[in-house]
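The values are calculated or read from the model by the stated rules, or taken from the named source; none is laboratory data. What you see is a predicted model, and the numbers here were worked out from it, not measured in a lab. Because the Cβ atoms are built from the backbone with ideal geometry, glycine has one as well, and the counts that use them run over all protein chains shown. Protein only, heavy atoms only, side chains kept; ligands, DNA and RNA dropped before computing areas. Shrake-Rupley method; radii C 1.70, N 1.55, O 1.52, S 1.80 Å.
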Amino acid sequence: MQIKANTVVSLNYVMYNMDGAVIDRNQDPIVYLHGDYDNILPAVEAALEGKQTGDKISVVLAPEQGFGDIEPDFVREEDISAFPPDIEVGMMFETRDPDTEETMQFRVLKIDAGTVTLDGNHPLAGMTIRFDTEVLDVREASDEEVVHGHVHGAGGHHH
């Protein structure tokens, strides 16, 4: 079966930086609903269109196709008193914008002189990456999966 809108796709992937170093890989197969549901990067989804079980693809993603450009406004400095006493560089915090109710994750970049520097950019923002994937399985989505816009059951969402 070929990958097309409203199919459920299982795959393995490896992401590389442009020096060829592995920056991410899945541990378990990822399973997503294909067809503009924002369940996978759009450029990867487009490259998978028409592929079938066993096919492999490699896609080079510029920052705007992958994890975005680095947004300087997403780097903030906050007083250390707003954080738990065991705060460390690399920790992640989630915050909600009171005006938009949008949540955002911040990574602690630096702790210095009572100030914590946080970065809300995705860790891979600003990077050109290569996304290599192998299609493990393709099946028709159930009507419920299509209505909900995501996969149910093994590897997907459970209600």
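Quick one: which residue in Thr7, Thr95 is modelled with pLDDT under 95 and either more than 12 Å from Phe131 (Cβ to Cβ) or surrounded by 14 or more Cβ atoms within 10 Å (Cβ to Cβ) (or both)?
Only one candidate passes the filter, namely Thr95.
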Residues of region 122-148 satisfying the condition of being closer than 17 Å to Ile30 by Cβ, of a type in the set (D, E, K, R) and more than 15 Å from the chain's Cα centre (by Cα): Glu134, Asp137, Arg139, Glu145
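Here is a list: Tyr37, Tyr32. Which entry is in contact (Cβ under 8 Å) with a residue 60 or more places away in the chain and in a strand (DSSP E or B)?
Numbers: Tyr37 fails: in a strand (DSSP E or B).
Criteria check complete, one pass: Tyr32.
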Of all residues in region 82-111 being out of contact with any Gly (no Cβ under 8 Å at 6 or more places or on another chain) and touching a residue at least 24 places away in the same chain (Cβ under 8 Å), the one that is farthest from Pro123 (Cα to Cα): Ala82
Hits in region 11-38 - residues which are surrounded by 18 or more Cβ atoms within 10 Å (Cβ to Cβ) and within 15 Å of Ser142 (Cβ to Cβ): Val31, Tyr32, Leu33, His34, Tyr37
Residues located in region 64-84, provided they are surrounded by 13 or more Cβ atoms within 10 Å (Cβ to Cβ) and under 27 Å from Val151 (Cα atoms): Gln65, Gly66, Phe67, Gly68
Selection from region 110-128 of residues that are of a type outside the set (Gly, Ala, Ser), touching a helix residue (DSSP H, G or I) at 6+ places or on another chain (Cβ under 6 Å) and not in a strand (DSSP E or B): Asn121
Single match in Phe106, Phe131 (criterion: outside any loop (DSSP other than H, G, I, E, B), surrounded by 14 or more Cβ atoms within 10 Å (Cβ to Cβ) and out of contact with any Asp or Glu (no Cβ under 8 Å at 6 or more places or on another chain)): Phe131
Flag for Val151 being open to solvent by less than 30 Å² (accessible area, probe 1.4 Å), farther than 28 Å from Asp19 by Cβ and touching a residue at least 40 places away in the same chain (Cβ under 8 Å): yes
